[in-house]
Amino acid sequence: RITGDGRYAQHALGLIDEWAINPATRFVPHITSNNREIEIYITQPGIIFGADLIWSYGGWTQAQRQSFVGWVGDLADAYIDDATSNNIDLWRLNLLAVAGRFTGRAELTAYALGRYTSRVGSLISPDGVMLTEIDRTRSLFYSVFGASALVNLAEILRLDGHNLYAVEGGAGQTLLTALDNLATYLVEPDPIASWPYE
């Protein structure tokens, strides 16, 4: 995308073809007892972003394009009903929002927006604590990890005109409340030293 050198696009297309298109090698989106959903939720948006970066590349066949769009839809369909908790669910919403934007399925981005809006009060305390992350043994890491998922989601949904930063919980808390709270620790030379949780 930066250089205009088609070799990079062709290589990316080859990887995308193996992962998402080729029936003999592709990842089949479905939930099993062996699936680690968090890894799927975090990694698959990158595949979709990568395809979008080379979408105008002339090396795609029409069949590849159609198959990839179908695969992205199948991916979203496989995980839309897998509502979970803490940052895992936030990364799932990222996947659904990216899939919705790529496929033009507005119901997926609407679901991600609605799910976050309904949960913001249980995710973020009035003083900005990431409530579903503070009971974990690496609570600062997971609080930042969860906030990162929310910032990614906010930027994706912003493309549809939604301001996730301004969505309020019942006590007026927002994503910005969480970011402000985390910033007070992250600007310190040793953020963990003053972090009050495990």
Starting from the amide H of residue 124, placed 1.01 Å from N in the peptide plane, find each other amide H under 5 Å away whose residue is 5 or more places distant or on another chain.
131
Once Lys and Arg are counted +1 and Asp and Glu -1 for all other residues with Cβ under 12 Å from that of residue 24, the total becomes -1
Size descriptor, Kirkwood hydrodynamic radius, that averages inverse alpha-carbon separations across region 49-186, Å:
15.9
At a probe size of 1.4 Å, how large is the accessible area of residue 8, to the nearest 10 Å²?
140
On the formula 1/(1 + (r/R0)^6), with r taken between the Cβ atoms of residue 194 and residue 160 and R0 of 41 Å, the FRET efficiency rounded to 0.05 is 0.60
Only residues of region 1-23 count here: report those whose backbone N is under 12 Å from the spot 7 Å along Cα→Cβ of residue 63, or say none.
22-23
What percentage of the solvent-accessible surface of the chain, computed with a 1.4 Å probe over protein heavy atoms, is contributed by carbon and sulfur atoms?
56
From phi via Karplus (6.51, -1.76, 1.60), per-residue ³J(HN,Hα) for region 91-99 in Hz, x at Gly/Pro:
5, 4, 5, 4, 4, 5, 5, 5, 4
Could you please report the charge total around residue 143, scoring K, R as +1 and D, E as -1 over all other residues with beta-carbon less than 12 angstrom from its beta-carbon?
-1
What accessible area per residue, rounded to a whole number of Å², is obtained for the chain using a probe radius of 1.4 Å?
51
With angles folded into 0 to 90 degrees, how steeply does helix 106-123 sit against the dominant principal axis of the chain? Use alpha carbons for both and round to 10.
20
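The values are calculated or read from the model by the stated rules, or taken from the named source; none is laboratory data. What you are looking at is a predicted structure, and each value in this text was computed from that prediction instead of being measured. Cβ sites come from the backbone with ideal geometry, for glycine too, and all protein chains shown count toward neighbours. Side chains included, ligands, DNA and RNA excluded: accessible areas come from the protein's heavy atoms. Shrake-Rupley method; radii C 1.70, N 1.55, O 1.52, S 1.80 Å.
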